[in-house]
1. So, in region 215-236, exactly how many residues are touching a Phe, Trp or Tyr at 6+ places or on another chain (Cβ under 9 Å), open to solvent by 60 Å² or more (accessible area, probe 1.4 Å) and within 19 Å of Leu97 (Cα to Cα)?
2. Which one is farthest from Asn85 (Cα to Cα) among residues in region 1-33 that are touching a Leu at 6+ places or on another chain (Cβ under 7 Å) and in a loop (DSSP other than H, G, I, E, B)?
3. If I filter region 276-302 down to residues being open to solvent by 30 Å² or more (accessible area, probe 1.4 Å) and part of a loop (DSSP other than H, G, I, E, B), which single residue comes out as farthest from Leu95 (Cα to Cα)?
4. Between a first residue in region 305-334 that is over 19 Å from Phe77 (Cα atoms) and β-branched (Val, Ile, Thr) and a second residue that is open to solvent by 10 Å² or more (accessible area, probe 1.4 Å) and assigned to a loop (DSSP other than H, G, I, E, B), which pairs have beta carbons less than 8 Å apart while being 6 or more apart in sequence or on different chains?
5. Can you pull out every residue in region 168-180 that is open to solvent by 30 Å² or more (accessible area, probe 1.4 Å), part of a loop (DSSP other than H, G, I, E, B) and either in contact with a helix residue (DSSP H, G or I) (Cβ under 7 Å, 6 or more places away or on another chain) or among the small types (Gly, Ala, Ser) (or both)?
6. Taking only region 342-352 into account, find how many residues are surrounded by 16 or more Cβ atoms within 10 Å (Cβ to Cβ) and either touching a Phe, Trp or Tyr at 6+ places or on another chain (Cβ under 9 Å) or of a type outside the set (A, V, I, L, M) (or both).
7. Tell me, please, whether a residue that is outside any loop (DSSP other than H, G, I, E, B), surrounded by 21 or more Cβ atoms within 10 Å (Cβ to Cβ) and modelled with pLDDT of 95 or more can be found in region 55-66.
8. Would region 34-42 turn up any residue that is under 24 Å from the mean Cα position of the chain (by Cα), among the charged types (D, E, K, R) and outside any helix (DSSP H, G or I)?
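The values are calculated or read from the model by the stated rules, or taken from the named source; none is laboratory data. Note that this is a predicted model, so its numbers are computed, not measured. Heads up, the Cβs are rebuilt from the backbone with ideal geometry, glycines too, and the neighbour counts pull from every protein chain shown. Just so you know, the surface numbers come from the protein's heavy atoms only, side chains and all, with ligands and any DNA or RNA stripped out. Shrake-Rupley method; radii C 1.70, N 1.55, O 1.52, S 1.80 Å.
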Amino acid sequence: MFRIQTFNNIAVRGLNRFPREQYEVASTLQEPDAIMLRSHNLHQTPIPESVNAVGRAGSGVNNIPVEALSGRGVAVFNAPGANANAVKELVIGGLLLAVRNLIPASEYLRGLDPSDPDFQKRVEDGKKRFVGFELPGRTMGVIGLGAIGVKIANAARALGMNVIGYDPKITVESAWRLEADVDRARTVDAVISQADVITFHVPLNDQTRNILDATRVGSLKSGAIVINLAREGVVDDAALCAALDAGRIHAFVTDFPSPALQGNPRVIMLPHLGASTVESEENCAVMIADQLRAYLEDGNVRNAVNLPDMTLERKGEARLAIVNRNLPDRVGQISRVLGQKDVNIVHMINESRGELAYTLLDVETPIDSATAEAIAGIDGVLRARVL
């Protein structure tokens with residue numbers, strides 16, 4: 001019986017992926033095998049030694065102590081692409097709100113006195129104040145061409161916009177999905193200087209923090225629109241506010257409200273709505289549940305942020321799943337221990353990712369506790385499971 005501890009409200013459709021005869025799923029559990037969460041801050045939560053995996057039903061993992069968990073051999077999973085359509089639609093929605101000045105126009109009408117005999121005249125008079133512009137022929141800049149960025153780039157092309165994107169680590173899969181006429185920029189600055197609309201879809205780390213800083217804000221085209229639905233801290237809000245107040249840029253759409261932005265008529269603030277759709281929450285929960293099951297039951301890895309993707313068809317009587325520091329001769333030592341115990345390997349696979357290596361191997365005979373302990377005792381082995 002596997003035990004899954006949950007934080008936050010996880011979509012029922014995802015929780016139903018855990019067979020009740022094999023899994024116990026609850027928000028309070030002693031010695032869980034895995035943790036499943038959304039926005040809960042795991043940095044401030046004690047994580048039991050029993051935990052083999054943590055899965056976040058979302059794309060980012062900023063709320064998870066990945067480095068500390070990696071040091072314990074714990075796999076950390078996320079759900080890239082599961083919320084991509086939700087974020088894409090919100091970007092397009094925010095863009096249309098901005099280019100057509102829909103929010104200030106609506107607020108203007110809310111402020112009119114319905115009993116005023118000149119009501120209709122005031123409606124017509126106000127219309128002139130909210131003239132917007134159309135999208136065809138204008139340039140959308142997309143920083144980050146992962147699952148979300150690709151969908152947004154393609155949607156912008158469908159709206160008749162020119163698109164220029166930047167992502168130094170674009171995957172082959174993303175490249176295949178990207179419309180052929182999306183231009184690829186070599187630098188962030190090349191995108192910023194050309195874009196009428198710029199949107200960010202990158203994780204927050206040392207390389208992306210304040211990627212749009214005061215210097216780059218100064219390089220934005222006059223009348224540009226900036227959209228940040230990625231992470232708080234990717235954009236220097238203070239520098240953007242200064243440019244908005246100076247009338248240099250048209251609008252800022254953000255999913256990360258702050259007191260500094262409150263009340264600025266050119267800022268459209270949203271309350272963290274990026275992935276807030278029923279479909280997105282369900283997709284994320286299903287993806288994470290399936291990934292946790294595959295890892296707990298068979299040791300297979302998909303979409304871990306600290307282990308290599310790995311799938312091995314089961315053969316033999318037992319399976320070993322071993323996480324170790326990426327050091328020389330660990331596989332050799334594992335093989336020698338098994339040989340000394342007269343355990344024959346049927347097949348195996350080993351890959352590394354950064355400072356960690358991961359091995360899956362199937363053997364002909366059951367593995368006893370003494371053999372498992374000997375494997376776990378090899379220097380550098382962080383976690384060894386018999387499946």
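1. 0
2. Asp33
3. Step one: list which residues in region 276-302 are open to solvent by 30 Å² or more (accessible area, probe 1.4 Å), which gives 276-279, 281-283, 287, 290, 293-294, 297-298, 302.
In the following step, the residues that additionally are part of a loop (DSSP other than H, G, I, E, B) were identified as 276-277, 302.
Working: Ser276: 18, Thr277: 18, Arg302: 33 Å.
Looking at residues that are open to solvent by 30 Å² or more (accessible area, probe 1.4 Å) and part of a loop (DSSP other than H, G, I, E, B), I get Arg302.
4. Ile334/Ile378
5. Hits for region 168-180 are Glu179, Ala180.
6. 2
7. Yes, region 55-66 contains at least one residue that is outside any loop (DSSP other than H, G, I, E, B), surrounded by 21 or more Cβ atoms within 10 Å (Cβ to Cβ) and modelled with pLDDT of 95 or more.
8. Yes, region 34-42 has at least one match.
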